[in-house]
Every structure is written in structure tokens, then in C-alpha cells.
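Taking it in order: structure first as C-alpha cells, then the write-up.
The values are calculated or read from the model by the stated rules, or taken from the named source; none is laboratory data. Keep in mind it's a predicted model, so treat the numbers as computed, not measured. In this analysis, Cβ positions are derived from the backbone assuming ideal geometry, glycine residues included, and neighbour counts consider all displayed protein chains.
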Amino acid sequence: MTPQDFLECYASGKRNFKGFSLAGIDLSKADIIGSNLQLANLENAIFTLAYLTRVNFRRANLARAQLAGANLNQANLTQANLSDANLHGASLQGADLRSAQLPLADLMDANLIEADLRNADMSGANLTGACLRGANFRQEDRKYIANLRGANLRQASSKCRC
Amino acid sequence: MLIQRDLELIAEQCECFGGKVLKSTGDGLLMSFYSAVQAVLCSQEVQKQLAKLAESSAAGESLQHRIGVHLGDVLFRHQDVLGNGVNIAARLQAKSAPGGVCISQTVYDVVKARIDINATFLGPLKLKNIQEPVAAFQIPPFGQSATMVVPQLAGQPVGTDLSPLAIAAATLEQAPQIRRIKKLIFGTYQGVWENDPKVLMQFDLLPLLKQLYQRHRTLISLEKALQTMAARLNHKSAYLAVADTILQALEPVYTEAEDSASDGEVASRSSLRDRYNEIAETLAQQTDRLRIKKLLYAVIHTAWENDQAVLALHTLADLVTDVHQIAPSEADLSYHLERIIKRLNRHNHYAQLALIISEAFHPLYGSPAEAAPMVTELSAEPLADGHTMMFGSDKPVIDEGLTSLTGWQSSVLSDGQTSVHSSQLAIANVCPIEGPQDAKIHDRANLYALRLEIMRYTNPLRAKILLLSTVRSPFTATPQDWLTLKSKSLDDLIKTTFQYCQTFSDLESKLTIMSHCVGNVGENIQAAGAILQAMKPFYP
């Protein structure tokens, strides 16, 4: 599926792209607000500065995806694979990242205000300058606390619930 | 063919300045440049070359050309170039004087700090097929002064006032160095060096000359004052020559006045002394008379004095007398008070005191004939909004309350700007030792709340792109640009921006311009708005 096809589908009102295989698709600056991309394969996809508000990425494969400056407010990223993804300057305000896989992800200057990061794996992630106010890391079961091992928290703001 | 010869010359110059000829319109060329500065420099050079060519050619063997310069987005499509930016440039060209260059405000704002352009503000122009009016400036043809091109914009209607001073002013207006002439006259008269053309534009030459003449009653005294000022500047020799030009123009004024010196002057001087005493008494009744004294002292000495012993040496009446010498008109008084107050950390409090002072001084200015016998029509220069920008380049003073002795004018010395580097004029940062400062200005050491605010209201990456473009060069999304963006955190960029934009209005204009220079204008304007709102409380 080419980006044009995808955007035409979206423009015609289609929202459900569950399980689609869209590896490497270039949707930079695209507006696909509210789409359902559950379980989709979006490895290496390009979403630079795209509008992804409230998109459902549950269990999607976003490994090495380019999400710099993407607007992911209130997006559902539970259990999504975001390993090595580029989320530089992305806005993830109120996003649901429970159990998301974020090892080595770049979250520099990302907006994680009120994001739910319970049980997320952030080992080796770059959180320089990221805003984490009100973000939730707490897990009732101690065993599943968010993994921040090796994460770079320079200039990252605290006041989160950890 | 003449046109062919000229277009070839223009294209050649375009290449020299790193520009590209996009298309020919038959009798014109459309060119693009990577930098607005290069575009303006190129257009000036082109007009200069064409003027020289015309000089050496026989009559009727030369053409005059108009040039319009604008900064905006263009779209390349099928060998053609489209976009509003192109249309505006074309329309501006039509508004230019033959042999001159018409530049939009956007271009002017971008280049003014880098090149010394002698441009006249044309106001917002209604351009054909362009919805919004476009503010523009006219650069006069090579070898002409700005006022010759647009006489209707000059302050004084020609031919109504033929006093010797008016003739001198008219002569000076025609001089090629008018900008420097005005700067030197303003500087000598106000005792403060001013480079901002917006501020200078608010003062007409004739009233300035009248006041200068009033202060220096002999040519020798004026000569000394001008030369003392010029000697302090970094472009000393250039300004000494400018001083000569001014003296030459004013010489007839002094010779004529010698014959008609009146005795009435002395009489009014003594009645003035009574008035000074009255004002001093009014001010002495104020509870805050010590601070009033400090403020008056600062107007006279351009330095802040906290030492009570020093202040005690001056009576209020003396201070009032001296201030009136420095500020013979109400506009001058406001100018000087504002200049001082802007530098104080207890800004609001002193603004109140300045009001009290202005009120007390008001009777002095009420009847200009008595207060200043030689001046027939005292100017009341409009103190418009532009005045608040007077010290645009100054560093804000947020010390702990210690009087610091750094430059009064921290204006940039590079870029050919003239600034004073003597210690006598450019002295202290005014910073009274009086309790904790009214801490309304947010602390720049901790930018956490600021970042939070920016992120809440705009996309962090977009904010970063806009800030990086502002402090560096417009972001073009090359891999190199992305690497640079990644090497700087939002925190770093905000700090650099604070250093780069010394005042809030500076920040505002730079961000607004940059919003139009990098892709996706609408989003950028939104981001710029969020950044401005968040950063505003951090500026004094």
C-alpha cells in the first residue's frame, strides 16, 4: 500500500487498518487522527511531524519508526514495540504507553505529561529534556515497575508518580 | 540593445552575490537569493553600477531600473516560479523610485542590523492583488539622500520656514551623510548615542538643531561639543568630518544672530530661577524626595548614585536647574526619564516618581516663550510607542541590587554600528541598592516551568525548529540540520535565545519573521505564539 492509497482510504472515511502491513511507509506530516492501527506492522515507518492524536497503536510494531515531532496525544500505545524508535520532540501528552517496549528509544524533549508509563520498558532510552510531569510509572506489582535502567534522564523533569 | 546590456549587468551582479536568475520577464528579471542581506547588497550594487554606467554614457543612452525586494516562500513548478512572495516582490518593484530599491518591512527587519541602509519608511502600501497592506522602505537612488526621493514624508513642508536654521536643516537633509549627521546631532544634544533608526525617525532635524543652537550660543562652543562627541566614537574620523559638515551648515545662523542678540534674555533668566525654586519646593514636599533626587541626578550624570553624602552636595534646586538645561522641552524630559527608568530594577516605583517629576516640571514647559526665549516654536515630538524600544539592545539588569559598572549601552560593536566607548558617557547600569527587587521577572536559571508551558501549548519539535532557525539559520530539514537539532535540547535552545534576543520585542519580531521563513507557516505562527507567551514573563 502506498502512502497515497493509504491517505485516500483515510480521506474516504476508512479508519480501521487493523493488522495492515505498512512497513517503511512514509506518512510524514500526514493527518490520520483517530485511525485504528492495532497490530499493524509499521517497522521503519516515517511519521515525522504527523498528526496521530488518539490513534490506536496497540501491539503495533513501530520498531525504528520515525516519530519525531509526531502528535501522539492520547494515543494508545499499549504493548506497542517502539524499540529504537525516534520520538524526538514528539508530543505524547496523556498517551497510554502501558507495557510498551521502548528500549533505546529517543524521547529527547518529548512531552510525556500525564502519560501512562506503567510497566513500560525504557532501558537505554534517551529522556534528555523530556517532560514527565504527572506521568505514571507506578505499578502495584513491584515486579513490573517501568524499567529505566540506563535511561538518560538529563534535564528530564520529574514530579511524576514513580 | 540597451535593455540587453543592462539585464546582462544585473544577471552578472546577481551571480556575484550568490543569487540565481529565475526568469526573465522581457524587460525585467526575477532573482532569488539564499540571504536577504545578499539580495539587498546586490540590488544596491546593481543600482550603483547602472548609475555609473549612465554617467559615462551619452544622454539618451541609458535606462533607469526599479528594484523590489521581498522575503517569502516561493514554489518552483514546471520551470516557473510561483507564490505570493513573487507577486509581492513584483509589486514592490513598481512602487520603487526609478534608480532606487523598494524593500518590504520583512526584508528591512532582517537586514537592518547587518547593513547600514539609508531607507525611508513608506508606510503600509496597498499592492495590487495582494490582500494585506505591505509595509515597505525606499532605498534612494545611488548618490541621493532619502528625503529627496519622498519629499512629502519629510517633517517640514518645504518653503514655509525660511529662518537661517531652517535653511541649515534643509541643507543638511540633502547631504549624503544625513543619517550620520542626525546621529551626531542627536548624540551631542541628548548626550546618549542612539543607533536605532526607529527612534531617530521620531526626531526631526530642525527642532534638534534649534535646541542644539539654544544650548551652544557660540560656534566655538558647538564645535567643541560636536568634536568631543565624535572623538568618543569608534568611527571617529568619519564623524569628525560629519561634525565639519554640520558646522559649515550652521555657520550663517551664528553670524546672523550676533547682530540681534537681545537683552530680554537676561531678565527672563532671573525669573526662571524663581520657577526652579518653586519646582524644587514642590518636589521637596514629596515623601520620596530622596529617590526623586536620585532620579534627577541620574538624568544629569547618566550614572546612578546611591551615596547620600554625594547626593547631599546637590540641592534640589540645582538639580532642577541642570535637568532643565539638559531637557529644554517636555519631550526631552520624558526621553531622559524613560531612558533611566528602563534600566532600573524597581521600574514601577520609579515610573510613578517620574510622573511626579514631569508634573512638577510642567509649568516650565507650559509657556515656551518665557522658558526658552530664543526658540519660537518649541517642538513637542510625539513620544509614540516606538519609544519603549529605545534601548532595544540593552542587557536587562537583574542583579542582586549592587550597582554594577558595565556598559550603559551594550550595543553590538560589530556590523559597522557606531557605539560610544568612552567611560564618561557610557557608564553604569542603573541598579539601586534598595531591598529585594520586585521579583516579577522569572528566574532564567530554572527553565522547567517554561519548557512545560511551551510543551503544553505547542509541538516540542516545532518549537525547537523555530528556535534553532532563529538563533542559527532557517531549518531546511537536511540530515545535517537534523543532527544539529538533536545535539541541542530545548533547554539549550531557550538559553541561547535569551542571549540572542535581548528584549521581548526583539524576540517577538525575530520569531515572527522566522515563522514565515521555514515550512508550514500556520503551524509556526501557532508555535511562535506559544513560545512568546511562555517566554514573556522572563523578560523585564
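So which residues in segment B:1-44 are closer than 17 Å to B:H70 by Cα and of a type in the set (D, E, K, R)?
Filtering segment B:1-44 down to residues closer than 17 Å to B:H70 by Cα leaves B:14, B:17-23, B:28-44.
Hits for segment B:1-44 are B:K20, B:K23.
Can you pull out every residue in segment A:87-98 that is in a strand (DSSP E or B) and at the interface with another protein chain (Cβ under 9 Å from one of its Cβ atoms)?
Just the residues of segment A:87-98 that are in a strand (DSSP E or B), to begin with: A:91, A:96.
If the condition is that a residue be in a strand (DSSP E or B) and at the interface with another protein chain (Cβ under 9 Å from one of its Cβ atoms), then A:S91 is the only one that fits.
Within segment A:21-44, count every residue that is of a type outside the set (D, E) and closer than 17 Å to A:N76 by Cα. I'd like the intermediate steps shown before the answer.
Taking segment A:21-44 and keeping what is of a type outside the set (D, E), we get A:21-25, A:27-30, A:32-42, A:44.
Then drop every residue that is not closer than 17 Å to A:N76 by Cα, which leaves A:32-42.
The number of residues fulfilling the criteria is 11.
Taking segment A:99-125 only, how many residues are away from chain B (no Cβ under 14 Å) and either within 12 Å of the chain's Cα centre (by Cα) or of a type outside the set (K, R) (or both)? Reasoning before the result, please.
So the first thing to find is which residues in segment A:99-125 are away from chain B (no Cβ under 14 Å), and the list is A:99-104, A:116-125.
Checking the rest, the ones that are also either within 12 Å of the chain's Cα centre (by Cα) or of a type outside the set (K, R) (or both) come to A:99-104, A:116-117, A:119-125.
Within segment A:99-125, residues that are away from chain B (no Cβ under 14 Å) and either within 12 Å of the chain's Cα centre (by Cα) or of a type outside the set (K, R) (or both) number 15.
Filter segment B:1-30 down to residues that are assigned to a helix (DSSP H, G or I) and of a type in the set (A, V, I, L, M) and give me whichever is farthest from B:G85 (Cα to Cα).
So the first thing to find is which residues in segment B:1-30 are assigned to a helix (DSSP H, G or I), and the list is B:2-16.
In the following step, the residues that additionally are of a type in the set (A, V, I, L, M) were identified as B:2-3, B:7, B:9-11.
Details: B:L2: 29, B:I3: 25, B:L7: 22, B:L9: 24, B:I10: 20, B:A11: 20 Å.
Only one residue fits best here, namely B:L2.
Under 30 Å from B:I340 (Cα atoms), surrounded by 13 or more Cβ atoms within 10 Å (Cβ to Cβ), at pLDDT 85 or above and among the β-branched types (V, I, T): is that true of B:T228 in this structure? I'd like the intermediate steps shown before the answer.
Values: under 30 Å from B:I340 (Cα atoms): yes; surrounded by 13 or more Cβ atoms within 10 Å (Cβ to Cβ): yes; at pLDDT 85 or above: no; among the β-branched types (V, I, T): yes.
Spelling it out, it is not the case that B:T228 is under 30 Å from B:I340 (Cα atoms), surrounded by 13 or more Cβ atoms within 10 Å (Cβ to Cβ), at pLDDT 85 or above and among the β-branched types (V, I, T).
Out of all the residues in segment A:6-26, is one or more small (G, A, S), closer than 24 Å to B:E523 by Cβ and crowded, with 16+ Cβ neighbours inside 10 Å? I'd like the intermediate steps shown before the answer.
Pass one, segment A:6-26, residues small (G, A, S): A:11-13, A:19, A:21, A:23-24.
Those left that are additionally closer than 24 Å to B:E523 by Cβ: A:11.
If we keep only those that are crowded, with 16+ Cβ neighbours inside 10 Å as well, we get none.
No, because not a single residue in segment A:6-26 is small (G, A, S), closer than 24 Å to B:E523 by Cβ and crowded, with 16+ Cβ neighbours inside 10 Å.
Any idea which of B:A58, B:A54 is part of a loop (DSSP other than H, G, I, E, B), over 20 Å from B:H70 (Cα atoms), out of contact with any Cys (no Cβ under 8 Å at 6 or more places or on another chain) and free of Cβ contacts under 8 Å to residues at least 24 places away in the same chain? Don't jump to the end; show me each part of the working.
Values: B:A54 fails: part of a loop (DSSP other than H, G, I, E, B).
B:A58 is the lone residue from the list that is part of a loop (DSSP other than H, G, I, E, B), over 20 Å from B:H70 (Cα atoms), out of contact with any Cys (no Cβ under 8 Å at 6 or more places or on another chain) and free of Cβ contacts under 8 Å to residues at least 24 places away in the same chain.
Just to be sure before I move on: is B:A449 small (G, A, S), at pLDDT 50 or above and touching a Leu at 6+ places or on another chain (Cβ under 8 Å) in the structure I sent? Break it down stepwise before answering.
Numbers: small (G, A, S): yes; at pLDDT 50 or above: yes; touching a Leu at 6+ places or on another chain (Cβ under 8 Å): no.
Answer is no for this residue.
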